[in-house]
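Novice: The following block contains the structure, expressed as structure tokens.
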Ligand code: UT7
């Protein structure tokens, strides 16, 4: 990657709804057990938004905290990118709703649809738009209200997902910042993880409702195998592009989908457990909000210090995948 002025994260914030749904709660809803969910996924609980609370509400709360952390006023924000698969509506962009809620009247706003890799795609977009000179202060947000698209009668999926939001302010920094990144996609795998209803292919109808086409469909085992391969490849690629090796990683922050996927990636990369951040136990899979919520908590818990090499890595529906190397 050619030498450019450094762009880095200068503020972080996250927000999760208060309501906690535990594995024991799920035992009363579908034929499952805490033991199965814990051993197969590492998830113990997840947060659930109140009915009718949209993604933009969670995103705005996270955004306000990130702005306060960066000591920026809403009207200084000139770009808002929201990564989500649960937008408030098909249009306008959820980023526009967030803009109105936080009063960022000088911002250009759009959403990215790269599923669980969305926050990383958003970071890459914002970094390049700032590097290009058009923008100075960007807000990149990952947010999901996955409870609104979960089939609560399907034990294969309903135990996995949760709601939440994380936000990062991106600006020019004196040193460090984003040193490399890598994003990729394979649309031939789109049938493994998708939400078929409500778009132009299957517009909402009595049939789409009856057949639950407005809920997440997933071939878990196939997704699992691809996830391990793609996250390992993405992290290795980005680290190589930074002229580093995986041994240089201070903290790996993977998409928190499943503890077994994360452990397989960790072993392939050759990292000890203490160099991988985990919060899947508390929040489950929060798709586009997952890596940014994990980064927020890692920083809050002082797992990241100045000069550290932090690597975010994710994969998701599409398939999409991506990794960003940040010198903290
Ligand atoms: O962000 C990307 C989104 N998705 C993912 O990351 C998911 C990736 N995949 C996974 O995490 C795993 O594949 C799952 C956790 C979804 C499933 O784990 P698995 O080890 O691949 O299990 P499986 O699908 O092979 O199912 C094993 C058994 C099946 O029973 P039979 O057919 O062997 O009798 C399932 O019906 O477990 C059963 N099962 C459950 N049992 C209790 C599936 N879900 C449940 C459940 N509770 N919630």
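Novice: Quick check on the chain: helices-only [θ] at 222 nm, where DSSP H runs of length 4 and up contribute -39,500 (n - 2.57) each and the sum goes over total residues. Nearest 500, please.
Specialist: -9500 deg cm²/dmol
Novice: Still on this structure, I have one more. Using only Cα atoms, locate the centre of the range 38-90 and the centre of the range 102-144, then give the distance between them in Å, rounded to an integer.
Specialist: With the range 38-90 and the range 102-144 each reduced to a Cα centre, they are spaced 13 Å.
Novice: Arrange the peptides 253-261, 122-130 so that the one whose residues have, on average, the most other Cβ atoms within 10 Å appears first.
Specialist: Result, highest mean first: 253-261, 122-130.
Novice: May I ask for the distance between the Cα centers of the range 189-257 and the range 272-328, given as a whole number of Å?
Specialist: Result: 15 Å between the Cα centres.
Novice: Over the range 178-328, what per residue volume does the convex hull of the Cα atoms give, in whole Å³?
Specialist: 117 Å³
Novice: Kindly put 147, 290, 226 in sequence by how many other C-beta atoms sit within 10 Å of each C-beta, fewest to most.
Specialist: Taking fewest neighbouring Cβ atoms as first place, the list is 226, 147, 290.
Novice: Show me 176-187, 201-212, 237-248 ranked by packing, highest mean number of other Cβ atoms within 10 Å first.
Specialist: Sorting 176-187, 201-212, 237-248 by mean packing, highest first, produces 176-187, 237-248, 201-212.
Novice: Next question. Length gain on complete extension for the stretch residue 38 to residue 155, per 0.36 nm per residue less the alpha carbon to alpha carbon distance? Numbers along the way, then the final one.
Specialist: Working: separation 117, 0.36 × 117 = 42.12 nm, distance 1.37 nm.
Gain on stretching residue 38 to residue 155: 40.8 nm.
Novice: Going by how many other Cβ atoms sit within 10 Å of their own, how do 15, 121 line up, fewest first?
Specialist: 15, 121
Novice: Let me ask something additional. If each residue's Cβ is checked for other Cβ atoms within 10 Å, how do 287, 250 rank with the fewest at the top? Could the numbers behind the result be given before it?
Specialist: Working: 287 32, 250 15.
Going from sparsest to densest Cβ surroundings: 250, 287.
Novice: Could you rank the peptides 42-53, 80-91, 317-328 by their average count of other C-beta atoms within 10 Å per residue, with the highest value first?
Specialist: Descending mean neighbour count gives 317-328, 80-91, 42-53.
Every read-out reported here was derived from the displayed coordinates using simple, explicitly stated rules and does not represent laboratory data. On a predicted model such as this, the values are computed, not experimentally measured, just so you know. Here Cβ is always computed from backbone atoms with ideal geometry, including for glycine, and neighbour counts include all displayed protein chains.
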